[in-house]
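In what follows, a structure is listed as structure tokens, so that the remarks can point back to it.
The values are calculated or read from the model by the stated rules, or taken from the named source; none is laboratory data. All values reported here derive from a predicted model rather than from experimental measurement. Virtual Cβ from ideal backbone geometry, glycine too; neighbours counted across all protein chains shown. For the accessible areas, the whole protein counts, side chains as well, though only heavy atoms, and no ligand, DNA or RNA atoms are used. Shrake-Rupley method; radii C 1.70, N 1.55, O 1.52, S 1.80 Å.
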Amino acid sequence: MIKMVVTDIDGTIYLPETGITDNVKNCLRNLCDNGIKVAIATGRTYSSAKTVADKIGIKCPLICYQGGLVNSYEGEILDVKYLDGKIAREIISDFRKRNIHLNVYVEDKLYVENDDKYIKDYIGDKGIDYFKVDSFDELDFSKLNKLLAIQYVTNFIDSLISELREKYPEIYVVKSFDYFCEIANKEATKGNAVKFLCKKYGITTEEVMAIGDQNNDIEMIETAGVGVAMGNGTGEIKEKSDYITDSVRNDGFVKAVDKFVWGK
């Protein structure tokens, strides 16, 4: 029996052009109303994830930064794993020389050195504030959530991830979209966040359904008793999933919930 549903946001329940459909909102509210725990898992900041929860109309735990931060809906920090500042500064120095755009997240705030197309595109309609600094060197990295590299070059992110994993095996590096490379604490995964919530709620991972569409969701769907990949998901996540549902455009999330939670 499924007692908790953990869902990714972008590409799973949300698209920029369509937002979150009423069908998906009603499905999530119905889960909560019937005693099924819900958690949102995303690479986004807490404030952005909370905005999504507000649009849906639910109050649930928010797994942010791929699992680097688990907050209550109200903002209480339940679990946090920071990225090592020394390694981050090495990566930043290297990326500057190579003109790789970086978003830097410190204490749930987003900082950039360049107020350019990359950050404008990234923000979109996510409802995220950001702060421009002359240099990341002026920031205190004692509470560094993550780094996000963005580069609009085909296959560049895959090669960058391979490079970083070889050079820094002690950190977590993963692709969240075709042009996004996420860099975080080694333990900052959605899978570990699911385990944390299971322990908090006294349920087993076998009683969890997790659903996502990108490679940063793989740990989460492998951890859950039922791991679902979206029809629009990557080939890698589909290979790791227990089930492939319909696409986000066709409310694949709702169809997966109907099948595994309600047994329809």
Next on the checklist: Residues that are open to solvent by less than 10 Å² (accessible area, probe 1.4 Å) and either under 21 Å from Lys190 (Cα atoms) or in contact with a Ser or Thr (Cβ under 9 Å, 6 or more places away or on another chain) (or both): does segment 96-103 have at least one?
Outcome noted: yes
Item to check | Among (1) closer than 20 Å to Asn215 by Cβ; (2) open to solvent by 70 Å² or more (accessible area, probe 1.4 Å); (3) among the aliphatic types (A, V, I, L, M), the one test that Ile40 misses | outcome: (2)
Next on the checklist: Looking at segment 1-58 only, could you name the residues that are under 22 Å from Ile128 (Cβ atoms), part of a loop (DSSP other than H, G, I, E, B) and of a type in the set (A, V, I, L, M, F, W, C)?
Outcome noted: Ile9, Ile13, Ile20, Ile58
Next on the checklist: Return the residues of segment 142-158 that are over 21 Å from the mean Cα position of the chain (by Cα) and either basic (Lys, Arg) or at pLDDT 95 or above (or both); say none if nothing qualifies.
Outcome noted: Ser142
Next on the checklist: Against the definition (within 14 Å of Leu148 (Cα to Cα), part of a loop (DSSP other than H, G, I, E, B) and open to solvent by less than 10 Å² (accessible area, probe 1.4 Å)), how does Leu83 come out, yes or no?
Outcome noted: yes
Checklist entry - Of the residues that make up segment 133-152, is at least one open to solvent by 50 Å² or more (accessible area, probe 1.4 Å) and within 30 Å of Gly252 (Cβ to Cβ)? => result yes
